[in-house]
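Encoded as C-alpha cells, the structure appears first; notes follow it.
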Amino acid sequence: MNIKKLLPGKIGFGTAPLGNMFRNIPDHEASDTVHAAWSAGIRYYDSAPFYGAGLAEIRLGNVLSQYPRNEYIISTKVGRVILDEVEDVSKRDLGEKGDLFKYGRPNKMVNDYSSDATLRSIEDSLKRLQTDHIDIVWVHDVAQDFYGDEWLDKFETARKGAFKVLDRLRDEGVIKAWGLGVNRVEPIEIILALENARPDGFLLAGRYSLLDHDRALQRLMPEVSAQGLGIVVGGPYSSGVLVGGSNFEYAPASPEILKKVEKIKAIADQYGVSMKSAGLQFALANPAVAAVIPGSSKPGRIGEDIEALHAVVPAKFWQELRAHNLVNVAAPLPIDKN
C-alpha cells in the first residue's frame, strides 16, 4: 500500500531519542514523551531495533500497548538482529554514527539482511513493541554512511533476502507496506530502478531538510513522485542544529553549517518564524513527502512540533530564503502551493 494512503497524518513521532541517543534518558521521561505525542494527536510512530539495541522499541511498546491498536500506525526496521548476549558498547562499529547510542542497552547487534534474519528481526520487534502486527517495515541503513565501500554488497544481500521476504509479507497481508529507511539517497535511487522490487515508500533521514536537500532534488524526489510513491522525512531538524542544537549528521556541526543556520535564523527572526516551523513546513512542501517524523525525548517538545506544523509563515520569509540562495531554486516551497 502506498504509504501516502496509509499514514494517518502529516506528522509522526521518531523514536530514536528514546534509545538513549546522546544521553541517558530516564524511563519515566521516555514514557511521558510518548504519552504526550498521543495526547497531541500523533498516530504514527517509527522505531528500530538499532535505537539503543531494542530500548526504543521496548519503551514505545510499554506505552502504546495501553492504547487501541487499530488507532495507530507503527513502522520499525530490519537489518539488525538484537541478541541476548552483551558486548562492549565502546567497541561497536557504527560507521559514521559513532557512539550515538552508547547509553543504550549493551546487547550485541548483528547486521544481517538475509531472509531468515529479516523474519527473526520482525518477530523480535513484535515482542518488544507488545503488538501483534507491524504496519510498515523499513530495511535499515543499507547505505554508505554505515558500511562504507561495502554498502553495495549489503544492498545485494538485502535484495536477495529482505526485499523478497517483505514483498511476500506485504502480499500476504502480514505487513501493509515496506521500503528502505536510510540516510543517503543512492540506495533509494537504485531500488527505484529495479524491476523485481516493489517498495511502497521510503524513510529518508537528513537528506531532505532545510540545510541539506540538493542531492535529493536532482533525481530522487521527482522519481518517487513519478512512481506514485512517498517519502517519510526523518531528521527534519538535521540532528538538532537547525533548532539550536550543536549536532549535524550525528556529529558536531561544521562552521559552514552553523553559518547557514545563522543566516536562516536571522530571516526567521525578522518575520517571527520559528525554526521548527521553517524545517517542518519546508519538508512537507515537496509533493513527494508523505510525512515528517521529528524525534524527541522531552514531553514539552511535542506540542512545539504540532504548533510549528500549523503556524502561519509569511510568504516573504520563503521568498527571502530563495532570494538569498539559502534553499535550492528547484525546491518546492509552501508559497508555491498558493
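The values are calculated or read from the model by the stated rules, or taken from the named source; none is laboratory data. Values in this document were obtained by computation on a predicted structure and should not be read as measured data. In this analysis, Cβ positions are derived from the backbone assuming ideal geometry, glycine residues included, and neighbour counts consider all displayed protein chains. Just the protein is used for accessible areas: all its heavy atoms, side chains included, with ligands, DNA and RNA removed. Shrake-Rupley method; radii C 1.70, N 1.55, O 1.52, S 1.80 Å.
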Of the residues in segment 321-331, those that are touching a residue at least 12 places away in the same chain (Cβ under 8 Å) and either open to solvent by 50 Å² or more (accessible area, probe 1.4 Å) or touching a strand residue (DSSP E or B) at 6+ places or on another chain (Cβ under 9 Å) (or both) come to H324, A330
If we keep only residues of segment 124-172 that are farther than 25 Å from E189 by Cβ and among the hydroxyl-bearing types (S, T, Y), then the residue most open to solvent (accessible area, probe 1.4 Å) is T131
Within segment 34-91, the count of residues that are farther than 13 Å from G104 by Cβ, of a type outside the set (S, T, Y) and assigned to a helix (DSSP H, G or I) comes to 14
Screening P334, P314 for residues that are touching a Phe, Trp or Tyr at 6+ places or on another chain (Cβ under 9 Å) and open to solvent by 40 Å² or more (accessible area, probe 1.4 Å) leaves only P314
- prompt: Quick check: is even one residue across segment 65-75 in contact (Cβ under 8 Å) with a residue 24 or more places away in the chain, in contact with a strand residue (DSSP E or B) (Cβ under 9 Å, 6 or more places away or on another chain) and closer than 22 Å to G240 by Cα?
  reply: no
Checked against (1) open to solvent by 30 Å² or more (accessible area, probe 1.4 Å); (2) modelled with pLDDT of 90 or more, S121 satisfies every condition except (1)
Exactly one of K5, K10 is over 24 Å from N247 (Cβ atoms) and touching a strand residue (DSSP E or B) at 6+ places or on another chain (Cβ under 6 Å), and that one is K10
Inside segment 246-282, the number of residues satisfying the requirement of being closer than 19 Å to A16 by Cα, outside any strand (DSSP E or B) and within 18 Å of the chain's Cα centre (by Cα) is 5
Looking across segment 30-57 at residues that are of a type in the set (D, E, K, R) and either modelled with pLDDT under 95 or open to solvent by less than 10 Å² (accessible area, probe 1.4 Å) (or both), the single one that is farthest from the chain's Cα centre (by Cα) is E57
Going through segment 1-29 in order, the residues found to be on the phi > 0 side of the Ramachandran plot and either open to solvent by less than 10 Å² (accessible area, probe 1.4 Å) or without any contact (Cβ under 8 Å) to a residue 12 or more places away in the chain (or both) are N20
I'd like to check something: does segment 204-217 contain any residue that is within 21 Å of M1 (Cβ to Cβ) and modelled with pLDDT of 95 or more? yes
Considering residues that are buried (at least 24 other Cβ atoms within 10 Å of the Cβ) and within 14 Å of D124 (Cβ to Cβ), the number found within segment 75-91 is 4
